[in-house]
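A short write-up of the structure that comes next.
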Amino acid sequence: MELSYQSIRTANQAREADDMRTESRRRNLLILIFHHLMEAGYVDAASALEQDTNVCFRRFEVCDNIDLDTVLMEYESYYFIKFQRYPKLTKKLPEPGWREPTEFGLNVSPIIRNGAGEGQMKKEPLLKPLSAFIGMNSEMRDLAAVISRDIYLQNPAVRWDDIIGLQAAKRLVKEAVVYPIKYPQLFTGILSPWKGLLLYGPPGTGKTLLAKAVATECNTTFFNISASSIVSKWRGDSEKLVRVLFELARYHAPSTIFLDELESVMSQRGTGGGGEHEGSRRMKTELLVQMDGLAQSDDLVFVLAASNLPWELDHAMLRRLEKRIMVGLPSGNARQAMVSHWLPPLSCTGGVELRTELAYEMIAQATEGYSGSDIRLVCKEAAMRPVRKIFDALESHQQGSCNMPVIHLETVTTDDFLEVIAHTKPSARNLIDKYTAWETQYESV
Ligand code: ADP
């Protein structure tokens, strides 16, 4: 009797101890989560956790050498030793989709890229919350919120292979921006990464495509800014905008800031006639100061600038763009590849077959001086010709549309193409000498 009473008591004590351990584990887990959220800067989420659980976690401290990261790492090691593979901790639900770009009035659009291969879990960088973006006054914080509000997860979906030609420019951009992010251990000391890179050349030659490929191929936060919009939309605030932008880029590093149409903000002082607007001068200075800040830091923030008119650029800015890469007009081979890419022998447009019979080589010769976007335009115009011919038929059949004939587009021929070229002149041919002269003087590859 005595023995059995004792055993019941022992069993009860053991159960109570077990319950206490479970309870204490639950609480510790919450404290670790709270600690993890605070460490990562998710201050609002941490406060919400306190509210939800009605526990003041701030009264607890996490002991030395322990946090969720460590716990997880140790679990992974244990699992690896036991099963010779790492545990699978999370599963992706089907069809996550990209968040649609929001209506974007400011033209400041940080793009976050996913760097995953097929079938892998997508590697989207976690965007840290702005609540930890401290050390700023409320006005700056508001600006940061405005910039961040327009952050959308977007895959620009431009692969290196989508860019036709430009082999040298691709190699240089990879070397200057992509590899330092991928292989940081190689880029130290004298090889410390470049901080500023200028892509210059005629409009429509693929400068923006190159920048988008960087965003697609690197796992970085990508800020895409049209410099003219800084000036026109931000006027008085543009200097502050630049400061906050660089702060944000550092905060979300590794980041790339793509400044398009650089000449519209960084033109040489005194050019363009009339006195320079005070606000715009302050903004220029701020941009230079920020670039200097980058050069002196180890932050993985790159400035990728593009300009169609490099000779208009301020020399102080040029000095800070250490690498200057000419993105020139497409070569004959590239032009041929472009035309056969956009107008292959057989393609489908809106469910209707479009056939072409083109002497690609001859067309490539005839399009000398055309930029990539010129050639795309010409291809579009050539493809429009047979489509235009069926408009009449379509319009006249609209009322009694039951017996619409099946649509057959006429084949696009070399003659069609040449006729289009005769009426669509290249946009930048006259400036080529100027680019080459500038390249001779300022090239830095
Ligand atoms: P910019 O040099 O003015 O930044 P973009 O990169 O915006 O020119 O190019 C404009 C368009 O022209 C692109 O969207 C693309 O359709 C076409 N294009 C220009 N260059 C190339 C190229 N090298 N390869 C493929 N498409 C190109």
Binned at 10 Å starting from 0, the alpha-carbon pair-distance distribution of the range 328-445 in whole percents comes out as 13, 37, 25, 15, 7, 3, 1
Roughly how many nanometres apart are two label points built 7 Å out from the Cα toward the Cβ at F187 and H315? 2.9 nm
Between the alpha-carbon centers of the range 39-75 and the range 191-206, tell me the distance in whole angstrom. 43 Å
Efficiency by 1/(1 + (r/R0)^6): what FRET value for S138 and Y75, r their Cβ-Cβ distance, R0 = 56 Å, to the nearest 0.05? 0.85
Hits among aspartates and glutamates - C-alpha to C-alpha of K284 under 13 Å, sequence gap 8 or more where chains match: D237, E239, E263, E276, D292, D314
Distance violations [Cα-Cα > 24 Å] among K182/K323; K380/K425; K240/K323: K240/K323
Listed by chain and number, the residues whose amide H is under 5 Å from that of S267, excluding neighbours fewer than 5 places away on the same chain and using placed H, are D314
Sort 19-26, 200-207 by the packing proxy (mean of other Cβ within 10 Å over each peptide's residues), most packed first. 200-207, 19-26
With a Förster distance of 56 angstrom and the Cβ-Cβ distance between D44 and E353, calculated FRET efficiency to the nearest 0.05 equals 0.55
What nm value, rounded to one decimal, do you get for the distance between D161 and R58 when each label is placed 7 Å out toward the C-beta? 5.5 nm
Residue by residue through the range 184-199, which ³J(HN,Hα) values in whole Hz follow from phi under the Karplus form 6.51 cos²θ - 1.76 cosθ + 1.60 (θ = phi - 60°), with glycine and proline marked x? x, 5, 7, 10, 10, x, 4, 8, 4, x, 5, 9, x, 9, 10, 9
Highest mean first, what order results for 302-314, 359-371, 337-349, 53-65 on Cβ atoms within 10 Å? 302-314, 359-371, 337-349, 53-65
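Read-outs throughout are calculated quantities, based only on the coordinates presented, and are distinct from any laboratory measurement. The structure displayed is predicted, hence computed values, not measured ones. Cβ sites come from the backbone with ideal geometry, for glycine too, and all protein chains shown count toward neighbours.
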